[in-house]
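Take a look at the structure set out below.
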Amino acid sequence: MAIANESHQEEQNMQEHHGAGRYVVIWIALLVLTLVTVFTGRMHLPSFGLLLALVIASVKGTLVALYFMHLSEHQGANRLVFGVSIIFVVLLIGFSLMDLGTRFRLANPPGSQYSDLQAVDIGANPAEGRTGGHQQIQKQGHETHE
């Protein structure tokens, strides 16, 4: 019986129309967060750039779910499922970043910002003086055009 009452209350809430002002404010907040993502993506933030991007994406997703999908107006099981999903997203991001931060430095891929090893160019042949297949093709292309 509680489920029937809950859906009846939700139906009444859906019939109450909200003004467009709330949606405009959320839309502007999403645009600002997108601009922050773009500007911080162009910066070199090796220590917390990934964490910042994931937090901004999570906040944007939460805003969309709460206001454009009307989860802020729902009660009961819908809020519980949304809350548990947010907890799992935080745990997933947290455990992944903790694993990356506590990893043995030599276990990271060569050339990454977390590794002490230099990147290996598979197409390089030091005996011929080649630096790599792609760069060699570009050099040949420039020679023919000159």
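The values are calculated or read from the model by the stated rules, or taken from the named source; none is laboratory data. Keep in mind that what you see is a predicted model, and the values were worked out from it rather than measured. With ideal geometry, Cβ positions are generated from the backbone for all residues, glycine too; neighbour counts draw on all protein chains shown.
For the reader, a short list of remarks on this structure follows.
- Residues being at pLDDT 85 or above, in contact with a Phe, Trp or Tyr (Cβ under 6 Å, 6 or more places away or on another chain) and in a helix (DSSP H, G or I) are represented in segment 26-37 by at least one member.
- Residue match in segment 63-73 (condition: in contact (Cβ under 8 Å) with a residue 40 or more places away in the chain, under 19 Å from the mean Cα position of the chain (by Cα), surrounded by 10 or more Cβ atoms within 10 Å (Cβ to Cβ) and part of a helix (DSSP H, G or I)): no
- Within segment 82-101, tally of residues that are over 17 Å from Gly49 (Cα atoms) and either in contact with a Ser or Thr (Cβ under 9 Å, 6 or more places away or on another chain) or not in a helix (DSSP H, G or I) (or both): 3
- Every pair of residues 6+ apart whose Cβ atoms lie under 6 Å, when the first sits in segment 26-50 and is touching a residue at least 24 places away in the same chain (Cβ under 8 Å) while the second is of a type outside the set (Val, Ile, Thr): Ile26/Leu63; Ile26/Tyr67; Leu30/Lys60; Leu33/Lys60; Pro46/Gln113
- Residue within segment 89-111 that is without any contact (Cβ under 8 Å) to a residue 12 or more places away in the chain and either of a type in the set (Ser, Thr, Tyr) or touching a strand residue (DSSP E or B) at 6+ places or on another chain (Cβ under 9 Å) (or both) present: yes
- Each residue in segment 22-62 was checked for being among the charged types (D, E, K, R) and either over 23 Å from Leu91 (Cα atoms) or loosely packed, with under 15 Cβ neighbours inside 10 Å (or both), and 2 pass.
- For the criterion of being part of a helix (DSSP H, G or I), at pLDDT 90 or above and not small (Gly, Ala, Ser), Ile56 passes.
- The residues on offer are Arg130, Arg105, and the sole one that is over 30 Å from Arg22 (Cβ atoms), modelled with pLDDT under 80 and touching a helix residue (DSSP H, G or I) at 6+ places or on another chain (Cβ under 6 Å) is Arg130.
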